[in-house]
Amino acid sequence: MNEVKRPRLFMREEIKEQVDNVIHNYFLTSYHKAKYPYAVIDIKELDDEVYIPYALEIEIWDQGDDTTEIEKICDDLKSLLNKKKEIKVNYAYVIFFSNCLTILDDDKTIKRRLLTFEIHLYKFKEGE
(Lines give C-alpha, C1' and ligand atoms only; values in the text may rest on other atoms or scores of the structure.)
Protein backbone atom coordinates (compact mmCIF):
# COMPACT_ATOMS: atom_id res chain seq x y z
CA MET A 1 0.00 0.00 0.00
CA ASN A 2 1.38 3.42 -1.00
CA GLU A 3 1.60 6.01 1.73
CA VAL A 4 -0.33 9.21 1.02
CA LYS A 5 1.86 12.31 0.95
CA ARG A 6 1.14 14.91 3.57
CA PRO A 7 -0.98 17.74 2.15
CA ARG A 8 1.65 20.48 2.50
CA LEU A 9 4.37 18.36 0.86
CA PHE A 10 2.02 17.35 -1.93
CA MET A 11 1.10 20.98 -2.62
CA ARG A 12 4.70 22.17 -2.44
CA GLU A 13 5.80 19.61 -5.04
CA GLU A 14 2.87 20.47 -7.29
CA ILE A 15 3.58 24.19 -7.17
CA LYS A 16 7.34 23.79 -7.67
CA GLU A 17 6.74 21.69 -10.76
CA GLN A 18 4.28 24.19 -12.23
CA VAL A 19 6.31 27.34 -11.48
CA ASP A 20 9.52 25.74 -12.82
CA ASN A 21 7.87 25.93 -16.27
CA VAL A 22 8.04 29.74 -16.02
CA ILE A 23 10.93 30.61 -13.69
CA HIS A 24 13.57 28.83 -11.60
CA ASN A 25 12.39 28.85 -7.99
CA TYR A 26 13.38 28.07 -4.42
CA PHE A 27 11.32 27.23 -1.36
CA LEU A 28 11.56 29.77 1.53
CA THR A 29 15.09 31.01 0.76
CA SER A 30 17.16 31.36 -2.37
CA TYR A 31 20.64 30.12 -3.11
CA HIS A 32 23.09 32.93 -2.33
CA LYS A 33 24.48 32.83 -5.88
CA ALA A 34 21.11 32.50 -7.62
CA LYS A 35 21.01 33.99 -11.10
CA TYR A 36 18.33 36.58 -11.85
CA PRO A 37 15.46 36.30 -12.45
CA TYR A 38 14.33 33.76 -9.87
CA ALA A 39 11.41 33.18 -7.49
CA VAL A 40 11.10 32.30 -3.81
CA ILE A 41 7.98 30.38 -2.85
CA ASP A 42 6.22 30.03 0.48
CA ILE A 43 3.04 28.10 1.24
CA LYS A 44 1.14 29.04 4.38
CA GLU A 45 -1.64 26.90 5.79
CA LEU A 46 -4.87 28.60 6.76
CA ASP A 47 -7.86 27.17 8.66
CA ASP A 48 -11.10 25.76 7.25
CA GLU A 49 -13.20 22.68 7.96
CA VAL A 50 -14.34 21.91 4.40
CA TYR A 51 -11.01 22.00 2.58
CA ILE A 52 -7.35 22.65 3.37
CA PRO A 53 -6.70 26.28 2.40
CA TYR A 54 -3.23 27.57 1.65
CA ALA A 55 -1.85 30.99 0.85
CA LEU A 56 0.76 30.71 -1.87
CA GLU A 57 3.28 33.53 -2.09
CA ILE A 58 5.67 33.77 -5.02
CA GLU A 59 8.27 36.50 -4.67
CA ILE A 60 10.00 37.23 -7.96
CA TRP A 61 13.44 38.82 -8.04
CA ASP A 62 15.15 40.43 -11.02
CA GLN A 63 18.01 42.85 -11.51
CA GLY A 64 18.36 45.70 -14.00
CA ASP A 65 16.85 49.03 -14.96
CA ASP A 66 13.86 47.64 -16.87
CA THR A 67 10.83 45.87 -15.36
CA THR A 68 9.65 44.26 -18.61
CA GLU A 69 10.97 40.78 -17.78
CA ILE A 70 9.59 40.68 -14.23
CA GLU A 71 6.17 41.90 -15.44
CA LYS A 72 6.14 39.21 -18.14
CA ILE A 73 6.95 36.55 -15.52
CA CYS A 74 4.12 37.84 -13.28
CA ASP A 75 1.67 37.70 -16.19
CA ASP A 76 2.83 34.19 -17.15
CA LEU A 77 2.47 32.89 -13.57
CA LYS A 78 -0.97 34.44 -13.21
CA SER A 79 -2.09 32.88 -16.51
CA LEU A 80 -0.63 29.52 -15.51
CA LEU A 81 -2.02 29.31 -11.98
CA ASN A 82 -5.22 31.38 -11.77
CA LYS A 83 -8.28 29.09 -11.71
CA LYS A 84 -6.06 26.04 -12.22
CA LYS A 85 -7.84 22.83 -11.27
CA GLU A 86 -6.19 19.45 -10.84
CA ILE A 87 -7.40 16.07 -9.65
CA LYS A 88 -4.67 13.70 -8.53
CA VAL A 89 -4.59 10.49 -6.51
CA ASN A 90 -5.90 11.37 -3.01
CA TYR A 91 -6.05 15.13 -3.69
CA ALA A 92 -7.82 17.73 -5.79
CA TYR A 93 -7.07 21.43 -5.79
CA VAL A 94 -8.02 24.74 -7.33
CA ILE A 95 -5.92 27.93 -7.28
CA PHE A 96 -7.18 31.52 -7.32
CA PHE A 97 -5.11 34.67 -7.95
CA SER A 98 -5.31 37.24 -5.12
CA ASN A 99 -2.88 40.06 -5.95
CA CYS A 100 0.47 41.23 -7.26
CA LEU A 101 2.42 43.75 -5.18
CA THR A 102 5.60 45.70 -5.84
CA ILE A 103 8.28 45.44 -3.17
CA LEU A 104 10.77 48.28 -3.14
CA ASP A 105 14.38 47.31 -2.49
CA ASP A 106 17.14 49.52 -1.11
CA ASP A 107 19.19 48.53 -4.16
CA LYS A 108 17.41 50.37 -6.99
CA THR A 109 18.65 47.81 -9.55
CA ILE A 110 16.71 45.02 -7.79
CA LYS A 111 13.12 44.57 -9.02
CA ARG A 112 10.71 42.55 -6.87
CA ARG A 113 7.09 41.49 -7.16
CA LEU A 114 5.00 39.41 -4.75
CA LEU A 115 2.19 37.35 -6.24
CA THR A 116 -0.35 35.86 -3.85
CA PHE A 117 -2.74 33.02 -4.62
CA GLU A 118 -5.27 31.08 -2.56
CA ILE A 119 -5.24 27.31 -2.90
CA HIS A 120 -8.21 25.12 -1.97
CA LEU A 121 -6.92 21.59 -1.42
CA TYR A 122 -9.32 18.68 -0.98
CA LYS A 123 -8.11 15.36 0.40
CA PHE A 124 -10.03 12.17 -0.30
CA LYS A 125 -9.48 8.44 -0.18
CA GLU A 126 -9.27 6.38 -3.35
CA GLY A 127 -12.69 5.14 -4.35
CA GLU A 128 -14.60 8.12 -2.88
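The values are calculated or read from the model by the stated rules, or taken from the named source; none is laboratory data. Remember, predicted model here, so these are calculated numbers, not experimental data. Glycine also receives a Cβ, built like all others from the backbone with ideal geometry; neighbour counts cover every protein chain displayed. What goes into the accessible areas is simple: the full protein's heavy atoms, side chains included, and nothing from ligands, DNA or RNA. Shrake-Rupley method; radii C 1.70, N 1.55, O 1.52, S 1.80 Å.
Round to the nearest 0.05 the FRET efficiency obtained for Gln18 and Thr67 when R0 = 25 Å and r is the Cβ-Cβ distance. Write out the running numbers ahead of the final one.
On the way: r = 23 Å, r/R0 = 0.93.
Given R0 = 25 Å and the Cβ-Cβ separation, E is 0.60.
When 1/r is averaged over all different Cα pairs and the result inverted, which Kirkwood radius in Å belongs to the chain? Kindly include the intermediate steps, with their values, before the conclusion.
On the way: mean 1/r = 0.0643 Å⁻¹.
Across the chain, the inverse of the average 1/r is 15.6 Å.
Taking every DSSP helix (H) stretch of at least 4 residues in the chain, weighting each as -39,500 (n - 2.57) and dividing the sum by the residue count yields a mean residue ellipticity at 222 nm of -6500 deg cm²/dmol.
May I ask you to derive the FRET efficiency for Ile110 and Arg6 from their Cβ-Cβ distance with R0 = 30 Å, giving the value to the nearest 0.05?
Details: r = 35 Å, r/R0 = 1.15.
Here the calculated transfer efficiency is 0.30.
The Rg/Rh ratio for segment 55-128 is 1.15, where Rg is the radius of gyration of the alpha carbons and Rh is the Kirkwood radius.
Counted residue by residue at 0.36 nm each, then reduced by the alpha carbon distance between them, the extension gain from Tyr36 to Lys123 reaches 27.7 nm. Taking a straight Cα-Cα cut-off under 23 Å and skipping sequence neighbours fewer than 8 places away in the same chain, the lysines within cross-link reach of Lys16 are Lys5, Lys33, Lys35, Lys44, Lys72, Lys78, Lys83, Lys84, Lys85, Lys88, Lys111, Lys123.
Computed FRET efficiency, Cβ-Cβ of Leu46 and Leu101, R0 25 Å: what is it to the nearest 0.05?
Numbers: r = 19 Å, r/R0 = 0.75.
Result of the calculation: an efficiency of 0.85.
Segment 3-38 and segment 46-78 have Cα centres separated by 12 Å.
Calculated accessible area for the chain comes out at 65 Å² per residue, all protein chains present (probe 1.4 Å; ligands, DNA, RNA ignored).
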